[in-house]
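Undergrad: Before we start, here is the structure in question, set down as structure tokens.
The values are calculated or read from the model by the stated rules, or taken from the named source; none is laboratory data. Just so we're clear, the structure is a prediction, and the values are computed from it rather than from any experiment. Every residue, glycine as well, gets a Cβ built from its backbone with ideal geometry; the counts of neighbours run over all protein chains shown. Note: accessible area is taken over every heavy atom of the protein model, side chains too, but ligands, DNA and RNA are not part of it. Shrake-Rupley method; radii C 1.70, N 1.55, O 1.52, S 1.80 Å.
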Amino acid sequence: VGARFGTCFQVKGGRLVEEESTSIRFQDEQNMDASNKDNRDLTDNNRAQRMSTTEIENMKKSGASGEEIISALVAGSDTWDKKTEFSRAKYLKRKAKKYLPWIRVIKPTAATISRAFFHRATSGNKYIVLRPDALAALLSLSNLRCGLDVLCVDGTGGVLLGGVLERLGNEKCCGRAFVPCLDTQRCTLPPIDAIRRFNWPKSRIDNTIVPCRFISNQSDSPIFELPPHASPRALIVASKHNPISVLKMLLPFLLPSSAFAIYCDYLEPLALCLYQLQRRTDPTIPPTVNLVLSETWLRHFQILPNRTHPDMNMSATGGYLLSGTVLAASPLVT
């Protein structure tokens, strides 16, 4: 749109009109009168509004602005005078969200893109949907930093891989993200459409993302070939594949003292994976230490004068994370 990040636009007459204020406010919330009135006598039966849906639609077709529609709704409300100041402010904000559409230009980052994908997610989503705090914890536990070589198993549609590339820096930092193909039938990159949302140049994506070539499947697990001079120092996983199978395939590629972090929507697969890593029952998996199984938890708060409280609706869980550090291979202790 040719505007700076943070610029706000309001939709008027089917066009975007730049607004000076970053928020739409109808009254001064700092000077609200916290009177003794309450809403105990109000009944939500949809009979308090004298305006009909047809009248509202006719106002829209005639070109009435959002402010005019909201003013008409306020004038047609039989219970407006009985509402408290706080209830009025809540009512106006709800109507402004419906009749005063506005757009803010936001810089594409891992946090903003993961938040957008999370709010758009449905129950039948074919990708793993990472909550922003879970993505931040996953990137932090994997010890990602600029110029690092990292193994990344992305089942999020590119959101995780975008966060990895953001941590690795631009192509001048010489960091690379090796993306193995876990599908033995099709040795191609997984869907990473979300990468386009970051607005990075194609050269950065091509120079940083390195697909791992599938060699053969003669053993129990696929074999991959890393490019020459590859030295992965981290493993980060958010996939619907079995965690222990992914670790069995990819942990041997990590150098000693490398960190790894795995995300899963459910606790049981990671709990079984933790048990096998602690017991060291598989000789093909290198020893690990600092194993931690955790759950991310987040609660949003409404911060307003005289009515600060947690949001009524929130996400129940942000998934589970298993993290640890890889050691140099050594004989099993019996």
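Undergrad: Among the residues of the stretch 115-122, is any among the small types (Gly, Ala, Ser), modelled with pLDDT under 90 and under 27 Å from ASN290 (Cα atoms)?
TA: Checking the stretch 115-122: not a single residue is among the small types (Gly, Ala, Ser), modelled with pLDDT under 90 and under 27 Å from ASN290 (Cα atoms).
Undergrad: While we're here: Do you know which residues across the stretch 131-155 are of a type in the set (Gly, Ala, Ser) and either closer than 21 Å to LEU226 by Cα or without any contact (Cβ under 8 Å) to a residue 12 or more places away in the chain (or both)?
TA: SER140, SER142, GLY147, GLY155
Undergrad: Right, here's the next one. Among the residues of the stretch 36-44, is any surrounded by fewer than 13 Cβ atoms within 10 Å (Cβ to Cβ), at pLDDT below 75 and closer than 27 Å to TRP102 by Cα?
TA: no
Undergrad: Please go through the stretch 227-251 and give me each residue that is open to solvent by 10 Å² or more (accessible area, probe 1.4 Å), aliphatic (A, V, I, L, M) and outside any loop (DSSP other than H, G, I, E, B), ordered by number.
TA: Within the stretch 227-251, ILE244, MET249 qualify.
Undergrad: Out of the residues in the stretch 69-98 that are open to solvent by less than 30 Å² (accessible area, probe 1.4 Å) and under 31 Å from the mean Cα position of the chain (by Cα), state the one that is farthest from THR54 (Cα to Cα).
TA: ALA89
Undergrad: Could you tell me how many of the residues in the stretch 86-109 are in a helix (DSSP H, G or I) and touching a Lys or Arg at 6+ places or on another chain (Cβ under 8 Å)?
TA: The qualifying residues number 2.
Undergrad: Next question, about the same structure. When the stretch 123-173 is examined, which residues are found to be open to solvent by less than 10 Å² (accessible area, probe 1.4 Å) and of a type in the set (Gly, Ala, Ser)?
TA: Listed by number, the residues that qualify are ALA134, SER142, GLY157, GLY158, GLY162, GLY163.
Undergrad: Taking the stretch 156-173 on its own, how many of its residues are in contact (Cβ under 8 Å) with a residue 12 or more places away in the chain and over 13 Å from the mean Cα position of the chain (by Cα)?
TA: Adding up the residues that qualify gives 9.
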